[in-house]
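This report concerns only the one structure given below.
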Amino acid sequence: MTRTRRWLLGFGIWTVLAILSASQAVVRLELADQPIDWGRLIVSSLVSWYSCAIFTPVFFLAARRFPIDGRGWARHLPLHLALCGVASALKYLVEWVTMVEVLGFRLQPLGRMLTSGFISENIAFWCMAAAIHAIEFQRRARERELLSARLEARLSEAQLNALAARLHPHFLFNTLQGISTLVHRDPAAADLMLGHLSTLLRRTLHGRPRHEVTLGEELEILEHYLAIVQIRFGDRVTIERAIAPDTLGGLVPCLSLQPLVENAFEHGIARRAGSGRVVIESRRIGQELEVSVRDDGYGPDAGALQEGIGLGTTRGRLTELYGPRASLRVAAHPDGGTMATMMLPFHETPVVSAVEAAA
């Protein structure tokens, strides 16, 4: 809320209180069958309450500098009681001068006016101090929540950066290892693989790292990796894609599919005799996005499946970004082979950015 809106809100509150006070006075005069001077009644009510309102900034300042909370309440409470007493006396002075000297109304002497209403006016200022303390406590609690949200967002960002930094060398090492197996046997194929690797690294490492990309972008990046492994395995592997069009705009962790595909090739296709098949699928299930990679290798029962750096890092990134709303499950497929399934909430706004904006 802007400063101007806060001032307008405070002015409105004090005006409403003045109107309510004037209404109560009208009821009282009506019941006593006494004449009602509407002009004097409304003006005197507004002056009475506005002469209280002018002390609002002082009470806000006192609540912020000397809050009645924690270990300092015993030291700060007398200060607020004294402030209420001083404000009560000054309030009557302002009210009396305004009514008598400025507006020309006839009132009882200031001393008598102060003596007769000092206690009730103190009570009113005590209520003001209590209300302002409540507002300040809420403001500080909100600031702590926002600070906590910012710190959590920054911690999540740091953890995600660490996970991404862990994933890139792992992926690069495995890819270079694949290239090294062809560099003497088939230099042309090795050169082609290096070209795809160069494009892939340029796409993933250029500029400020993004933790999430659309599934369409992720699949474009994945195609370069698939080209690399296709060269490596040749006719031994068939790659199929079953991507639902309505899933392409959903966001997924950047480079989250590559470890799933790598796992299918290394622990599925590479360990079986003859040719194999890898199927990449995506679909929406309600508000969830399901992405899966399936191979027709021996399956996890053969003991070949182990969760290494790639799958472990991907699982950690899902947890950091989406918490319990996301999961990564690797299990045997009913038709044979292994299926890795990644479930995450379908969304089109980056999670980390949304948290920072809310903070």
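Every read-out reported here was derived from the displayed coordinates using simple, explicitly stated rules and does not represent laboratory data. Not measured: the values here are computed from a predicted model. With ideal geometry, Cβ positions are generated from the backbone for all residues, glycine too; neighbour counts draw on all protein chains shown.
Return a whole-number percent for the relative contact order of the chain, with Cα pairs under 8 Å and 6 or more residues apart as the contact set. In percent, rounded to a whole number, it is 13. The protection proxy used here, the mean number of other Cβ atoms lying within 10 Å of each residue, ranks peptides 310-319, 106-115 as follows, highest first: 310-319, 106-115. Recomputing Rg/Rh (Cα atoms, Kirkwood Rh) from the coordinates shown identifies the correct label among (i) 1.15; (ii) 1.35; (iii) 0.99 as (ii).
Where both partners of a DSSP beta bridge lie in the chain, what percent of those bridges are antiparallel, to the nearest 5? Taking every DSSP beta bridge with both residues in the chain, the antiparallel ones total about 80 percent. Fewest-first ordering of ILE231, ILE309 by other beta carbons within 10 Å of each residue's beta carbon gives ILE309, ILE231.
Span-like helix criteria (full DSSP H runs; alpha carbon extent of at least 30 Å along the helix axis; mean Kyte-Doolittle hydropathy of at least 0.0) are satisfied in the chain by 3-31, 73-96, 110-180. Under 5 Å between amide hydrogens, built in the peptide plane, is the criterion, and for HIS347 it picks out LEU251 among residues at least 5 positions away or on other chains. With helices as the sole contributors, the chain gives -21000 deg cm²/dmol at 222 nm; each DSSP H run of n ≥ 4 counts as -39500 (n - 2.57), and the sum is divided by every residue. For GLU212, the residues whose amide H sits under 5 Å from its own are CYS254, ignoring neighbours fewer than 5 places away on the same chain, with H placed 1.01 Å from N.
Taking Cα centre as origin and charging only the Cβ of basic (Lys, Arg, +1) and acidic (Asp, Glu, -1) residues, the dipole magnitude of the chain rounds to 1360 debye.
Which cross-chain or sequence-distant (5 or more) residues have an amide H under 5 Å from the amide H of VAL237, H modelled 1.01 Å from N in plane? Here GLY276 satisfy the definition.
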